[in-house]
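A short reminder: the numbers here are calculations on the coordinates, not readings from a lab. Predicted, not measured: the structure shown is a model, and the values here were computed from it. Note that each Cβ is placed from the backbone with ideal geometry, even for glycine, and that neighbours are counted across all protein chains shown.
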Amino acid sequence: MDPRRAPRTVSDPKVRKVGFFTDPPDRSLPGPPNHPISSFPTSPPSTVDNSPPSAGNSLSPVMIPPPRHSSSILSPLRRDPPEFFPLPASPTASTTFSDDVASTMKGRGVAAASSSLPGGLLFDIAASSVPASGLTTVSVVNNLPIEKGGGVAVEMQDDQSSRSKSLKEKTTKAERRALQEAQRAAKATAKAEDGKTPAAASGAAASVKSGKSVKPPPSQKNDSAALAALEKKAGDRPPEKDRKKEVPQPRMQFDDKSRVEKAKRRAVVKQTEARNRVELFRHLPQYERGTQRTELQSKFFELDPVHPAVYKVGLQYLYGDICGSNARCIAMLQAFQEAIKDYSTPSEKTLARDLTAKIGSYLSFLIECRPLSISMGNAIRFLKNRIAKLPLTLSELEAKATLRSDIDRFINEKIILADKVIVKHAVTKISDGDVLLTYGSPSAVEMVLLHAHELGKQFRVVVVDSRPKLEGQLLLHRLVGKGINCTYTHVNAISYIMHEVTRVFLGASSVLSNGTVYSKVGTACVAMVAHAFRVPVLVCCEAYKFHERVQLDSLCSNELGDPDVISKIHGREDINFLDGSTNSENLQLLNLIYDATPSDYISMIITDYGMVPPTSVPVIVRDYRREHLWI
Amino acid sequence: MPDVQALVNDFLIKLKKRKIEGSQATARQTAELLRSVISQQRVPYTNQAGALIDAVRAVGEQLIAANPVELAVGNIVRRVLHIIREEDLSLTTAAIAGLNLSAASDGDDDDDGERDEHTVLSAAAVAASARNALRPPSLQTLLEDMPESVAIPHTSSSGGDSEGKSKSADKSSRTRRLKHDVIEAVNELIQDINTCHEQIAEQAVEHIHQNEVILTLGSSKTVLEFLYAAKEKKRSFRVFVAEGAPRYQGHLLAKELVTRGLHTTLITDSAVFAIISRVNMVIVGAHAVMANGGVIVPVGLNMVALAAQKHAVPFVVLAGSHKLCPLYPHNPEVLLNELRSPSELLDFGEFSDCLDFGSGIGSPLLHVVNPAFDYVPPKLVSLFITDTGGHNPSYMYRLIADYYSADDLVVRRRVALGN
């Protein structure tokens, strides 16, 4: 089967899931809740998936020890007891993890190759005979060893694992839950049939115990088929799994009373909701800043579960000391790095699961301080992915070191290096005599401007600023300090200043897959006016900020800032019209943080993959993310 | 006369220092000033209208030069000039009518050859000018009444060229009546300026429906009254007020609206684009309305108008008739704009070294641009609501023609020629 097609055939997993699991009627399956179609697993994909163990040997040359704990296997790990996954986690495999981009790619190729093998059919028959015979799943396992005939116990184990993997593999697209059930069933029957195949049973038991007890395979060749199968999975399943994830899980809607209540009970910080919330934005959280701060400070010593580094970053978010999505993302990752350094796995827990939970709790703390930006969400996804993919054989120390270096790698590659590439691209768009306009204080654009200045280009910069943050003044300070000729104005004067502007450079918090640029509020205004004046708009955005979500307006998802800063104007004490009336019931203050710029206004997005039109964003999100972003 | 000069100088200084806020106040004060100018002006027996016009023009030129961006001043000067002309015209036509009655009995000073012709024509002329008093000349009237072109120069210059007439008793009463009438009319104008809010606000219910969401930027008394009038009529709706940097007049408006019990949400200017998709109507006040239907508005509204156009939200401009300017704009963003102090945007302390023009290196590194106005082209305006009703931008030139006479459009040049 062409693995690339896998994500597209939606019905595929369900078909197999149904075929595989509906038959044992004695087992009440809570797992798959909805079976849309009930057809048998004779569908071609299953043929493909079951690459035969015997044929595996021939494939070994192309094989690279796979990232077994790739997300496909991993994700069940997170949800279900890990003992059910008899993974022969080989250290060799773990060493190749850094190259897993390549390995996944190859894995796909292998999978594609294995699909043509005739042995696959054989296996398929065995698989399809299972439901027909009405046996539990383990019968498949027991049927199969004939082909392989592993003698040594270790090999048996290995076999077992490979088989269970191949078994799993058949159900790759099935609900993980269902798989679990099946394995439980397998375990049960294996115990029942203990007398028949003691070795297999012990193997199963061994594999059941934990990943550690399973020895690494003595010969790579022997289980290369399994590897192939795994590779297949690695190639085939992540998209599947990602896909499920990719449908963005519904965000917390703060107009849903019951859920808000639940969230409140969980919350570390007591938050009082702002009094006058804007009707249109009921679905977004809005809290009173003052209480939040004192609350947090007083709780410093009580906040047991929160690592000090995370706590510090959280406070910095809350006070607005760190803003800008890159800065926030880096700060968060570095805090997590610290946290991971000091982390030790409690007894009777596995690192992967416990750490994920830990990170999750840190995250909810950070969210309480300030809602996550999309780029941070992406970084978190990366981190959780890495944790989940940690080979179980790694010692805790190694695992932590791996994670920390992974985080470093992410920061370096996805943010710092990406910015360098963006600067390199964007500088080519600046020529002598240009008047460049920028809005707010985007870090990438600042780098572009400074670099262009270093190259000796003659240009002028218009810094457009807006209340309440007035970040532009900071940028202005830095640019003027470097000797760049600047003009400063506010966002209302944009139509006045746009006459003389030749290029608009904007930053972005995120670029959504319909080309919408999600950025600091006011960006849309600037882009719109530039578009009306026929001035090209260039958006500098690192590709890690791309997101597959789509959005048409700035209301459905946004962030509300502190409303009180709206009524008080910093540095303008003469303006205090609202002093007495902020408590009035009729007055609401709305401090939006982001807005969505329609893609029509964007001429070009400069990203680390080059300069692309906004229509290419979904392509980058789809094609590059898997290989380059998340692995 | 000297006390008038003192008044004028006082007002000039106020204008130059931008002490007068808002075009309505400016318009009213200008009209009051011109009224006192007229009342103080000694009127000669001959050519009273000309004398008044010259006096008003002389003052008007100074006023306009004092703040060329405040178009309301020029508008009022032109309106007053137009009033003088109209009053003169109506008096003259009345006189001619009286003259025609007597023309049959006794002879005229004019040459007898033309006399018969003239009396025949004058009936038409009277009719035409009577119509003119109500309506300024349109293309149709110009075409259909050719005699008018003969009659009008005659009548308008009648005060000047006929020495003999001035001796007659009704002439002297006419001079007094002219000034009196003009002052009456200026008083009416002031009244109009004062009440234009109410007249505009009366139309509010026709434009605001239940549960409407309205966006506005900055502060305008007209808008406030308009919204309040709709609220008074038991319409419930919400208002988004953009604060209108750098003057933040939106805060003022928000406060006013809140105290009057309207649901108000204050937003930053940058959030306009985000919000406008949920807005049903943008209602703003204008600084001046140009003859082509374009509007000079507080800074930031061009952005709002573009956003409104993008989301097909009606962009409604409220403007009293004193804001209607008979000029066609050329490069209004620059020429009809003024730059305010940078201190509204930046602290001088922080950037003082960069802003220094006297350092001798040439131009400073940092410029701060703080324009006061925006120009919204007519294509972005959906509707004008004036005290005479709602109008399309393309109709504004015609509406404006009602208020001004074509001779006064260029106040300055005529005065320069006169000097």
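Spin-label model, B:E232/B:D407: points 7 Å from Cα along the beta carbon direction are separated by 4.1 nm.
Stretching the chain fully between A:K312 and A:S431 yields a gain of 38.6 nm (0.36 nm per residue, less the alpha carbon separation).
Note that the range B:326-339 has calculated 3J(HN,Hα) couplings of x, 8, 9, x, 10, 6, x, 4, 9, 7, 10, 10, 9, 9 Hz, one per residue in order, obtained from phi through the Karplus relation 6.51 cos²θ - 1.76 cosθ + 1.60 (θ = phi - 60°); glycine and proline are x.
Based only on other Cβ atoms within 10 Å, what is the fewest-to-most ordering of A:D256, B:D269, A:D342? List each step's numbers first, then the result.
Values: A:D256 14, B:D269 29, A:D342 10.
Starting with the residue having the fewest Cβ neighbours, the order is A:D342, A:D256, B:D269.
Per residue of peptide B:246-255, the mean number of Cβ atoms on other chains within 10 Å of the residue Cβ is 6. Across q = 0.17 Å⁻¹, the range A:312-395 modelled as identical point scatterers on its alpha-carbon atoms has Debye log10 I(q)/I(0) values of -0.68, in the order of the q list. Loop only by DSSP, 16 or fewer other Cβ within 10 Å of the Cβ. Give me the trypsin sites (Lys or Arg not before Pro) in the range B:1-67 that pass, ordered by residue number. Of the trypsin sites (Lys or Arg not before Pro), the ones in loops of the range B:1-67 whose Cβ has at most 16 other Cβ atoms within 10 Å are B:K17, B:R18, B:K19, B:R42. Note on A:K349 and B:T388: their simple-model spin labels are 8.0 nm apart, each label 7 Å out from Cα toward Cβ. Using a cutoff of 8 angstrom between alpha carbon atoms and counting only pairs six or more residues apart, the relative contact order for the range B:3-71 works out to 44 percent.
Take every residue in peptide B:323-335, count the Cβ atoms of other chains within 10 Å of its Cβ, and give the average of those counts.
Values: counts 0, 0, 0, 0, 0, 0, 0, 0, 1, 0, 5, 2, 0.
What the average comes to for B:323-335 is 1.
Assuming R0 = 51 Å, can you tell me the calculated FRET efficiency for the pair B:S36 and B:A312, based on Cβ-Cβ distance, to the nearest 0.05?
Values: r = 49 Å, r/R0 = 0.96.
Step by step, r from the Cβ atoms, then E = 0.55.
If R0 equals 51 Å, the separation of the Cβ atoms of B:Y395 and A:V260 corresponds to a calculated FRET efficiency of about 0.45. Of A:S599, A:S567, B:S23, the sequence from fewest to most neighbouring Cβ atoms within 10 angstrom is A:S599, A:S567, B:S23. Please compare each pair in A:K545/B:K379; A:K257/A:K469; A:K568/B:K379; B:K221/B:K379; A:K520/A:K568 to a cut-off of 27 Å on the Cα-Cα distance and tell me which ones are over it. Distance filter (> 27 Å) returns A:K545/B:K379; A:K257/A:K469; A:K568/B:K379.
Please compute the average number of Cβ atoms from other chains found within 10 Å of each residue's Cβ in peptide A:565-575.
On the way: counts 1, 9, 5, 1, 5, 1, 5, 7, 0, 2, 7.
If you average over the peptide's residues, the count of other-chain Cβ atoms is 4.
In the range A:553-594, which residues have a backbone nitrogen under 11 Å from the label point lying 7 Å from B:S277's Cα in the Cα-to-Cβ direction? Correct set: A:553-558. Full extension of the segment from B:T46 to B:E344, taken as 0.36 nm per residue of separation minus the current Cα-Cα distance, would add 101.9 nm. Distance between the pseudo-spin-label points of A:R534 and B:H367 (7 Å out from Cα toward the beta carbon): 2.2 nm.
Sparsely packed loop sites in the range A:326-369 (the GluC sites (Glu not before Pro) outside DSSP H, G, I, E and B with at most 16 other Cβ atoms within 10 Å) comprise A:E348.
Here the gap between A:S584 and A:V619, fully extended at 0.36 nm per residue and compared with their Cα-Cα distance, gives a gain of 7.7 nm.
Fewest to most neighbouring Cβ within 10 Å: what's the order for B:S394, A:S519, B:S382, A:S347? Don't skip to the end; give the middle numbers.
Details: B:S394 12, A:S519 29, B:S382 19, A:S347 5.
Ranking B:S394, A:S519, B:S382, A:S347 by Cβ neighbours within 10 Å, fewest first, gives A:S347, B:S394, B:S382, A:S519.
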